[in-house]
Amino acid sequence: MIVQIDTAGSGTSERSTVAAMGLSLLVPGWGHRYLGYNSRATPYFATDLVGWVALLGTWLTSQAALSNAAEIANRYGNANLGSDPDPDLLSAIRSYRSRRAVSGRHDSYDEAMILAGKNPEMEFPDDEAHSWDWGSRENPENDIHIQSFESQVRLWRGSQVAMFATVGSLVVVRLVAAMDVLRLNRSAASRAGISLETRPLPGGMDATLAVNF
């Protein structure tokens, strides 16, 4: 009988699967590199990098759109928006030409709330921080300013959705990477064990005991 030591499955035997999964959750591809699967690590590194770049891009776009919207409202809509305005206030500014009723016009937020049987101050206090007036419809430029404001608000909201989607994709990549290193380590571990191979020889039988580590 010949005893044969086979180390073909030993590539990851001394590496912790839990540690590899933890590294993958931190940085996708790091766990693969830790286990020695360098070629499989590269796509995960690249995907994660693209995700972070996309997240940065959407965040910058979101901040720029919000800043532009506030600037337009402050300059042309007589608003007093700060750097982080209430999203509900932005929606109200888009929907109504003014906060308070203006003589000869019926397009104010307060008037709409009263007609709906609601308190105008229920959602927004009656102060300068929650006041605006885009002017009458008689001046076409006022509508142009409102449209510019709406465009920036839509861009801001779209960027917010893209940011959440990108964060979700970063989480998914980490989970996939962690599950992949678990699968690879289990696959390597399944190759470990003891096997007995026999083959007939003239006048007897030859047996090979293979021990995989």
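The values are calculated or read from the model by the stated rules, or taken from the named source; none is laboratory data. Nothing here was measured: the structure is a model prediction, and the numbers come from that model. Note: ideal-geometry Cβ built from the backbone for every residue, glycine included; neighbour counts use all protein chains shown.
Of the residues ARG40, ARG97, the single one that is in contact (Cβ under 8 Å) with a residue 12 or more places away in the chain and more than 30 Å from ASP180 (Cβ to Cβ) is ARG97. Of the residues making up the stretch 106-125, not a single one is closer than 15 Å to ASN78 by Cα and of a type in the set (D, E, K, R).
The residues in the stretch 128-138 that are surrounded by fewer than 17 Cβ atoms within 10 Å (Cβ to Cβ), charged (D, E, K, R) and under 14 Å from ARG99 (Cα atoms) can be counted, and the count is 1.
Of all the criteria given as (1) in a helix (DSSP H, G or I); (2) under 29 Å from the mean Cα position of the chain (by Cα); (3) more than 17 Å from GLN160 (Cβ to Cβ), the one not satisfied by ALA54 is (3). In the stretch 189-198, the condition of being at pLDDT below 95 and touching a helix residue (DSSP H, G or I) at 6+ places or on another chain (Cβ under 9 Å) is met by at least one residue.
Would you check if there is a residue in the stretch 120-127 being surrounded by fewer than 16 Cβ atoms within 10 Å (Cβ to Cβ), in a loop (DSSP other than H, G, I, E, B) and either modelled with pLDDT of 95 or more or aliphatic (A, V, I, L, M) (or both)?
Yes, because at least one residue in the stretch 120-127 is surrounded by fewer than 16 Cβ atoms within 10 Å (Cβ to Cβ), in a loop (DSSP other than H, G, I, E, B) and either modelled with pLDDT of 95 or more or aliphatic (A, V, I, L, M) (or both).
Of all residues assigned to the stretch 77-85, none qualifies as being out of contact with any Phe, Trp or Tyr (no Cβ under 9 Å at 6 or more places or on another chain), surrounded by fewer than 18 Cβ atoms within 10 Å (Cβ to Cβ) and over 28 Å from VAL167 (Cβ atoms). Return the pair list, or none, for Cβ contacts closer than 8 Å from residues in the stretch 139-159 that are touching a residue at least 24 places away in the same chain (Cβ under 8 Å) and surrounded by 17 or more Cβ atoms within 10 Å (Cβ to Cβ) to residues that are in a helix (DSSP H, G or I) and β-branched (Val, Ile, Thr), at least 6 apart or on different chains. Listed by first residue and then by second, the contacts come to HIS145/ILE72; PHE149/ILE72; PHE149/ILE93; GLN152/ILE72; LEU155/THR61; SER159/THR58; SER159/THR61.
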